[in-house]
1. All but one of (1) more than 16 Å from the ligand (Cβ to nearest atom); (2) surrounded by 15 or more Cβ atoms within 10 Å (Cβ to Cβ); (3) more than 12 Å from the chain's Cα centre (by Cα); (4) under 30 Å from residue 401 (Cα atoms) hold for residue 205, so report the exception by its number.
2. Would you mention how many residues in segment 61-78 are in a loop (DSSP other than H, G, I, E, B) and within 21 Å of residue 6 (Cβ to Cβ)?
3. Kindly indicate whether any position in segment 382-403 is more than 15 Å from the ligand (Cβ to nearest atom) and under 19 Å from residue 201 (Cα atoms).
4. Given the options 242, 215, name the one that is surrounded by fewer than 16 Cβ atoms within 10 Å (Cβ to Cβ), assigned to a loop (DSSP other than H, G, I, E, B) and not assigned by TED's automatic domain parsing to the domain that holds residue 26.
5. Would you mention how many residues in segment 170-180 are surrounded by fewer than 20 Cβ atoms within 10 Å (Cβ to Cβ) and not in a helix (DSSP H, G or I)?
6. Can you tell me which residue is farthest from residue 44 (Cα to Cα) among those in segment 131-147 that are in contact with a helix residue (DSSP H, G or I) (Cβ under 8 Å, 6 or more places away or on another chain) and surrounded by 13 or more Cβ atoms within 10 Å (Cβ to Cβ)?
7. Hey, can you tell me all the residues within segment 258-306 that are part of a strand (DSSP E or B) and within 12 Å of the ligand (Cβ to nearest atom)?
Ligand code: CTP
């Protein structure tokens, strides 16, 4: 499972009002399975107490290099060797300036300097006023930190504690956790562009009614996230769903199958992988009424006739790029029964190298699923697990196929 299970994170806090967000961050890291050891500078302790951070991390906080709890009195050595990564959040402008000069006049900067460079990555989540962030000195420091191999996360944009608005907010806790998860994911899709469809489509009957299906989009969104974490550039064409966009993923919202088809046809030109996870409506009303269809009191029901929607996956799979192998197409099959037989037949009908079968009624809207991967050689199962985990496994599987391809 690619969460933060078992990861030992040294969470360093430096002085800034964003320290209040470090409490939530610590909680989220622990919830994601990480072991968190907090180290705070004197300035950080002006904003939030070590007591709070101890309670949330479940470990005594370090604030001084003279901490007598360490048998060898070398907290900076011990802490930096016990960590899988050092995450400084918030990282103040002053602390970044210290780091580039290798200054080591208190425990946290000392620990950063003493860390084994090749083994313990240093990740910074900067937080400061927008003018401080935009200042050439800060930007120069950020560039130097990156050149030294430090991972400097983006800053957020918006209202700041000082009353100003702009760049410089610390990322939210869940965004930082997401960045760490991405950081530790093998980059098996680096340099690839992956196009994904997700969710249901909605086919209008009139301006207030339509037909749709129970797909929540969760599987497709989880795949988009996993592909992004694996280093791909990801475009997600989403039907009407209420899910937030995974970080770093480009999202194109559509409603109907026709709109989804149009978006996909335009986007396939740059993609190396197309994953059709959407539950596209097979038919749409032949004529969508301009105005709401009213009851006329006679008891008569409206006559609805349907036309078939374009099969997006099948048409993409028939393009020259897909036929030549430049575009690897993956289909899904949402079935209610006889999964292997239906998925095998569907793979042949759609003309795709890989088809992923699942039982629709037992997964729509849920956070877990079970997958059956069908290719020309046969079938293999990914047993029931979270959609997050299955998405990572599927992405790895697809990446391995691209190599052989
Ligand atoms: N699909 C598509 N365009 C459509 C219908 C389906 O791109 N108009 C894609 C889906 O995204 C999925 C695969 O085709 O990857 C299979 O979808 P599914 O709904 O299971 O199959 P259908 O082709 O609709 O066949 P049936 O409804 O008979 O099972």
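The values are calculated or read from the model by the stated rules, or taken from the named source; none is laboratory data. Quick caveat, the model's predicted, so the values are computed rather than measured. With ideal geometry, Cβ positions are generated from the backbone for all residues, glycine too; neighbour counts draw on all protein chains shown.
1. (4)
2. Taking segment 61-78 as the starting set, the residues that turn out to be in a loop (DSSP other than H, G, I, E, B) are 61, 63-74.
Right, trim to within 21 Å of residue 6 (Cβ to Cβ) and you get none.
Number of matching residues: 0.
3. The answer is no, given that none of the residues of segment 382-403 is more than 15 Å from the ligand (Cβ to nearest atom) and under 19 Å from residue 201 (Cα atoms).
4. Numbers: 215 fails: surrounded by fewer than 16 Cβ atoms within 10 Å (Cβ to Cβ).
The unique qualifying residue is 242.
5. Final tally of qualifying residues: 1.
6. By that ranking, first place goes to 144.
7. Taking segment 258-306 first, the residues part of a strand (DSSP E or B) are 273-276, 279, 283-285, 306.
If the condition is that a residue be part of a strand (DSSP E or B) and within 12 Å of the ligand (Cβ to nearest atom), then 274, 275, 276, 279, 283, 284 are the ones that fit.
Per-residue answers, yes or no, for (1) touching a residue at least 12 places away in the same chain (Cβ under 8 Å); (2) surrounded by fewer than 17 Cβ atoms within 10 Å (Cβ to Cβ); (3) under 26 Å from the mean Cα position of the chain (by Cα):
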{"site": "97", "(1), (2), (3)": "yes, yes, no"}
{"site": "102", "(1), (2), (3)": "no, yes, no"}
{"site": "106", "(1), (2), (3)": "yes, no, no"}
{"site": "109", "(1), (2), (3)": "yes, no, no"}
{"site": "112", "(1), (2), (3)": "yes, no, no"}
{"site": "121", "(1), (2), (3)": "yes, no, yes"}
{"site": "124", "(1), (2), (3)": "yes, no, yes"}
{"site": "129", "(1), (2), (3)": "yes, no, no"}
